[in-house]
Structures are given as C-alpha cells and as structure tokens.
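First comes the structure, then the notes that go with it.
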Amino acid sequence: MHFCPQCTKILSLGRHGDYFAFLGVSRKLNLDEGDLEQRFRTLSRQFHPDYFYNAPPAERRASLERSSYLNDAYRTLRDPAQRVEYLLQLALPRAVEGPEGTGSQQGIPPALLEEVFALNEEIDEIRQLRRSGAPVEAWQTRLERARAPIEAKRRTHESELRQLSARWDQMVDAHAPDSESREVLGALRQRVQERTYISNLLEGIERELAQ
C-alpha cells in the first residue's frame, strides 16, 4: 500500500516489505519484463516529487523515499542475475557470498576449485610467456584453448539455473512446503556461488587476450 485508503495521502516508506511486494509481483524468478516496466512507470509517475512540490514536508519526504526505493527495486528485479541473488538474500540471509567473502568456498565443488587454481596457474605461465617476447599466436592459442571448457561450463551452468528458476516458480504457484522450497533455494545458492567463479575465470582470460 503506497497511499492512505482514507485520505489518499502518500505514506512514508516505513515497513515496506521487499522489492517484489513493493512492485506488486510474486517472488518468482521469471518475471514478465513488460509488466515489470509498466508497474515501474506507473509508480514512478505516482511518486514523482514534482507532484508533491506544494505538499507538507512529510509527504515530500515520503515521495522522495518511495521514488528512491522504487528505482532500486526496479534496477534489481529487471536483471535476472540480480533478481536471483536478491531472492536468496530474502529467503536465505547471508547465502550469497562472492569468492572474497568469508567462507565463500563452502559448497563449491572441489573439481571447480581445482579448475580455478589450474587455470590461474596457466594464466600466470601465459603472462610470463607474453612478457618474454613470445609470438602473439603462441600465447593467444593457449588462452583460447583454456577458455573453451570454461565457456562450455558457463553454458551448462546457465541452463541449470534456468531449470532451477522454473522449478522455483512452480513451487511458488503450488505453495510448496518450506522443506521443498529450501532445497531448491540451496541449489540456487550453490549455482550463484559457482557462477561468480566461472565469471571471474572468463574475465581473467578476456583481460589477458586484450593485452
């Protein structure tokens, strides 16, 4: 509820729930982007500070608060990657940690960690090869060869994320019990953590290729 049903005045942000509730959508991972944008534009017009220029200070402040929160909500939910991370933050607090976070390697498959270490060593060797004046073709070929399996892993990983997202949405519609929901959320959390490692690997290779 954004406006008082009795006096129609804009309400202070207060206990606003979450981004999904604020925009009036279910906690799903596959959202209709057109519908989401329409909701954003409608609320953006309603909250715009220009409409409250002559309003009392409390209402002007409320319009600014809601406009700012609306922008944050839309920016997060319109991006599929940020959307799943935000859902995990709501449902599993402290669930999403990057490679630099405390305990970030918990739940990461040992095989993936081994690939990370091996590829980092490979990149170090290629970097030394480049600095030694080796022909460009020599070290670029090694980088391309190292990138191929990581790209394949990324594609497989994204497919798994889509499947889990669809399963989560089905559970939301079916009002599945918490035990089943947490199982899917746990799998999503692991995929998000793995995605960070995979993305970092590919970014490292791209940086070297750009040298």
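Yes or no: GLN211 exposed (fewer than 13 other Cβ atoms within 10 Å of the Cβ) and touching a residue at least 24 places away in the same chain (Cβ under 8 Å)?
Spelling it out, GLN211 is indeed exposed (fewer than 13 other Cβ atoms within 10 Å of the Cβ) and touching a residue at least 24 places away in the same chain (Cβ under 8 Å).
If I filter the range 191-207 down to residues being of a type in the set (Asp, Glu) and surrounded by fewer than 18 Cβ atoms within 10 Å (Cβ to Cβ), which single residue comes out as nearest to the chain's Cα centre (by Cα)? Give the steps one after another, and end with the answer.
Taking the range 191-207 and keeping what is of a type in the set (Asp, Glu), we get 194, 203, 206.
When the remaining residues are screened for being surrounded by fewer than 18 Cβ atoms within 10 Å (Cβ to Cβ), the result is 203, 206.
Values: GLU203: 17, GLU206: 21 Å.
Within the range 191-207, the match that is nearest to the chain's Cα centre (by Cα) is GLU203.
Kindly check whether there is at least one residue in the range 2-20 that is modelled with pLDDT of 95 or more, over 28 Å from ASN200 (Cα atoms) and of a type outside the set (Ser, Thr, Tyr).
Scanning the range 2-20, I find at least one residue that is modelled with pLDDT of 95 or more, over 28 Å from ASN200 (Cα atoms) and of a type outside the set (Ser, Thr, Tyr), so the answer is yes.
So the check is Cβ under 8 Å with 6+ separation or different chains; which pairs have a first residue in the range 53-66 that's farther than 16 Å from CYS7 by Cα and touching a residue at least 60 places away in the same chain (Cβ under 8 Å) and a second one that's surrounded by 13 or more Cβ atoms within 10 Å (Cβ to Cβ) and among the hydrophobic types (A, V, I, L, M, F, W, C)?
As it stands, the answer is ARG66/ILE10; ARG66/LEU13; ARG66/LEU43; ARG66/PHE47, since those pairs meet every condition given.
Within the range 1-27, track down each residue that is surrounded by 15 or more Cβ atoms within 10 Å (Cβ to Cβ) and among the aromatic types (Phe, Trp, Tyr).
Listed by number, the residues that qualify are TYR19, PHE20, PHE22.
Those residues that are hydroxyl-bearing (Ser, Thr, Tyr) and loosely packed, with under 12 Cβ neighbours inside 10 Å, I need them from the range 114-143; list them, please. Step through it out loud before you land on a result.
The first filter runs over the range 114-143 and keeps only residues hydroxyl-bearing (Ser, Thr, Tyr), leaving 132, 141.
Within the range 114-143, just SER132 meets the criteria.
Those residues that are farther than 30 Å from ALA174 by Cβ and buried (at least 18 other Cβ atoms within 10 Å of the Cβ), I need them from the range 28-66; list them, please. Lay out the reasoning, then the answer.
If we filter the range 28-66 for residues that are farther than 30 Å from ALA174 by Cβ, which is where we start, we get 41, 44-66.
Selection gives PHE47, PHE52, ALA62, SER63, ARG66.
Condition check ((1) within 17 Å of ASN200 (Cβ to Cβ); (2) free of Cβ contacts under 8 Å to residues at least 60 places away in the same chain; (3) not basic (Lys, Arg)) across all residues:
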| position | (1), (2), (3) |
| --- | --- |
| SER132 | no, yes, yes |
| GLN140 | no, no, yes |
| HIS157 | yes, yes, yes |
| TRP168 | no, no, yes |
| GLU183 | no, yes, yes |
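Conditions tested, residue by residue: (1) among the hydrophobic types (A, V, I, L, M, F, W, C); (2) more than 27 Å from GLN82 (Cβ to Cβ).
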| residue | (1), (2) |
| --- | --- |
| GLU121 | no, yes |
| ALA146 | yes, yes |
| ASP178 | no, no |
| GLN193 | no, no |
| GLU203 | no, no |
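Return the total of residues in the range 49-97 being in a loop (DSSP other than H, G, I, E, B), in contact with a helix residue (DSSP H, G or I) (Cβ under 7 Å, 6 or more places away or on another chain) and modelled with pLDDT of 90 or more.
The qualifying residues number 1.
Looking at the range 26-45, I want the residues that are more than 14 Å from ALA81 (Cα to Cα) and have a partner that is hydroxyl-bearing (Ser, Thr, Tyr) with Cβ atoms under 6 Å, at least 6 apart or on another chain. Which pairs are those?
PHE40/TYR74
Tell me which residues, restricted to the range 1-19, are aromatic (Phe, Trp, Tyr) and without any contact (Cβ under 8 Å) to a residue 60 or more places away in the chain. First the steps, then the outcome.
Residues of the range 1-19 aromatic (Phe, Trp, Tyr): 3, 19.
Passing the criteria: only PHE3.
The values are calculated or read from the model by the stated rules, or taken from the named source; none is laboratory data. Quick caveat, the model's predicted, so the values are computed rather than measured. FYI the Cβ positions are ideal-geometry reconstructions off the backbone, even for glycines, and counts take in every protein chain you see.
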